[in-house]
1. If I ask for residues that are of a type in the set (V, I, T) and open to solvent by less than 30 Å² (accessible area, probe 1.4 Å), which ones from segment 239-262 would you list?
2. Only one of I143, I156, I133 is crowded, with 24+ Cβ neighbours inside 10 Å, at pLDDT 95 or above and within 16 Å of ligand 2 (Cβ to nearest atom). Can you tell me which?
3. Can you go through E253, E236, E184, E246 and tell me which one is within 20 Å of V144 (Cβ to Cβ) and either basic (K, R) or modelled with pLDDT of 90 or more (or both)?
4. Just to be sure before I move on: is S41 assigned to a helix (DSSP H, G or I), at pLDDT below 95 and within 22 Å of the chain's Cα centre (by Cα) in the structure I sent?
5. Looking only at segment 40-74, which residues are within 18 Å of N108 (Cα to Cα), within 16 Å of ligand 1 (Cβ to nearest atom) and open to solvent by 20 Å² or more (accessible area, probe 1.4 Å)?
6. Can you pull out the helices (runs of 4 or more DSSP H) entirely within segment 237-313 that have at least 3 residues that are touching a Lys or Arg at 6+ places or on another chain (Cβ under 9 Å) and more than 25 Å from M207 (Cα to Cα)?
7. Of the numbered conditions (1) in contact (Cβ under 8 Å) with a residue 24 or more places away in the chain; (2) at positive phi, S278 fails exactly one; give the number of that condition.
8. Determine which member of the set K59, K68, K75 is among the basic types (K, R), closer than 16 Å to G148 by Cβ and in contact (Cβ under 8 Å) with a residue 12 or more places away in the chain.
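The values are calculated or read from the model by the stated rules, or taken from the named source; none is laboratory data. Note that the coordinates shown come from a computational prediction; the quantities given were computed from them, not determined experimentally. As a convention, Cβ positions derive from the backbone with ideal geometry for all residues, glycine included, and neighbour counts pool all protein chains shown. Accessible surface is based on the protein model in full, side chains and every heavy atom, while ligands, DNA and RNA are left aside. Shrake-Rupley method; radii C 1.70, N 1.55, O 1.52, S 1.80 Å.
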Amino acid sequence: MDYSDLIQKLLNGNARAVARLITLVENDSEASENIINAIYSHTGNAYILGITGAPGSGKSTFISILTKIFAEEGKKIGIICVDPTSPLTGGAILGDRIRMKDNFSLKNVFIRSMANRGQLGGLARATEDAVKILDAYGCDIIIVETVGVGQSEVDIFRSAQTVVVLLVPGLGDDIQAIKAGIMEITDIFAVNKMDLAGADKKIADIMQMLELGMNYKYKSEKDEDNVALKSNWTPEIVKVNSRTGENFEKLIELINKHRDFLSKSGVMENYRKNRIKSETLQILKHKITKKVEGLISSSPTIDEYIRLVMDKSLDPYSMANLIIKLLGLE
Ligand SMILES: Nc1nc2c(ncn2[C@@H]2O[C@H](COP(=O)(O)OP(=O)(O)OP(=O)(O)O)[C@@H](O)[C@H]2O)c(=O)[nH]1
Ligand SMILES: [Mg+2]
């Protein structure tokens with residue numbers, strides 16, 4: 001299929017083209033390849049902000065305030081709400097979207113929700129593509145919201161320059177839920193609902209967790225494949241009230257501080273290099289898995305190998321090595 005008409009509309013700033021292209025990349029990996037190939041040279045201008053936190057921590061309310069601030073600065077904003085736990089777009093996430101739309105019928109705000117449709121490597125991949133589409137559309141800032149459920153937001157935030165994790169006063173559950181992987185990609189901790197009791201205690205808990213985590217962080221910085229790669233940045237902590245907007249000027253200051261940090265020579269380039277590396281790795285994994293699956297399900301040679309393994313004249317490791325040879329990957 002030829003997408004050039006749609007892509008032209010996208011580049012001309014047509015919001016309906018954005019929606020249609022995102023649907024295409026969600027549903028069809030072949031379409032994604034063609035679309036990304038065509039728009040890639042128009043990407044790289046947007047600032048990408050990842051926001052995560054437990055259900056009900058106030059992400060949507062928080063993003064509404066942020067969006068208002070950015071919109072008042074004259075920025076064009078894209079918002080992607082990702083829900084890895086939902087099999088289909090609908091329910092809560094849709095309600096969210098409507099609520100957020102109500103908040104700003106601003107013409108420079110594009111909102112889209114994405115949910116897991118069970119496709120392989122799917123949601124993170126589709127989110128990255130959607131970010132690129134919004135980038136090519138001309139968004140200055142793209143906000144990616146996802147609920148905190150572990151590894152998935154680490155994947156989903158692969159393209160985010162700045163990651164904000166929302167915590168709330170009270171029970172320590174949310175801190176415990178921060179797995180090492182998320183802690184490493186967090187640039188700013190925001191204690192939301194500062195109007196409730198215990199906000200300062202939560203800040204102290206975060207500081208303690210960061211101290212405990214330093215040792216681990218130091219070790220993993222040596223790991224080349226580490227997605228964080230934001231060494232020398234100590235996560236900042238701020239408390240806010242997303243209902244009133246209190247302290248958001250401090251939050252914006254910290255976001256800008258992190259942005260300045262990234263723009264210092266070398267840091268951003270290193271970050272971009274690593275991002276391309278990890279993104280390509282994901283694509284390769286996806287493509288190779290598909291190839292291998294195709295081969296395994298329909299090749300007489302593989303059937304023969306399987307027979308050999310059943311007869312114990314071959315073991316599964318050796319069989320895997322033979323398949324690597326068959327694929328020409330040796
Ligand atoms: N007291 C207080 N309530 C807040 C604050 N921020 C958000 N809330 C309330 O917290 C509830 C949940 O807010 P949402 O923005 O829907 O939270 P969410 O994290 O997007 O929730 P999910 O999308 O369901 O994961 C709402 O009733 C908000 O009004 C705050 O700073 N203080
Ligand atoms: Mg929400």
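1. If we filter segment 239-262 for residues that are of a type in the set (V, I, T), which is where we start, we get 240, 244, 252, 255.
Residues satisfying the conditions are V240, I252, I255.
2. Values: I156 fails: at pLDDT 95 or above; I133 fails: within 16 Å of ligand 2 (Cβ to nearest atom).
Step by step, each of I143, I156, I133 is checked, and only I143 is crowded, with 24+ Cβ neighbours inside 10 Å, at pLDDT 95 or above and within 16 Å of ligand 2 (Cβ to nearest atom).
3. On the way: E253 fails: within 20 Å of V144 (Cβ to Cβ); E184 fails: either basic (K, R) or modelled with pLDDT of 90 or more (or both); E246 fails: within 20 Å of V144 (Cβ to Cβ).
Going through E253, E236, E184, E246 in turn, just one is within 20 Å of V144 (Cβ to Cβ) and either basic (K, R) or modelled with pLDDT of 90 or more (or both): E236.
4. When the stated conditions are applied, S41 does not pass them.
5. Listed by number, the residues that qualify are I65, K68, I69.
6. Details: elements: 248-263, 267-298, 300-310.
Those helices (runs of 4 or more DSSP H) span 267-298.
7. The one condition S278 does not meet is (2).
8. Values: K68 fails: closer than 16 Å to G148 by Cβ; K75 fails: closer than 16 Å to G148 by Cβ.
Residue meeting the stated conditions: K59.
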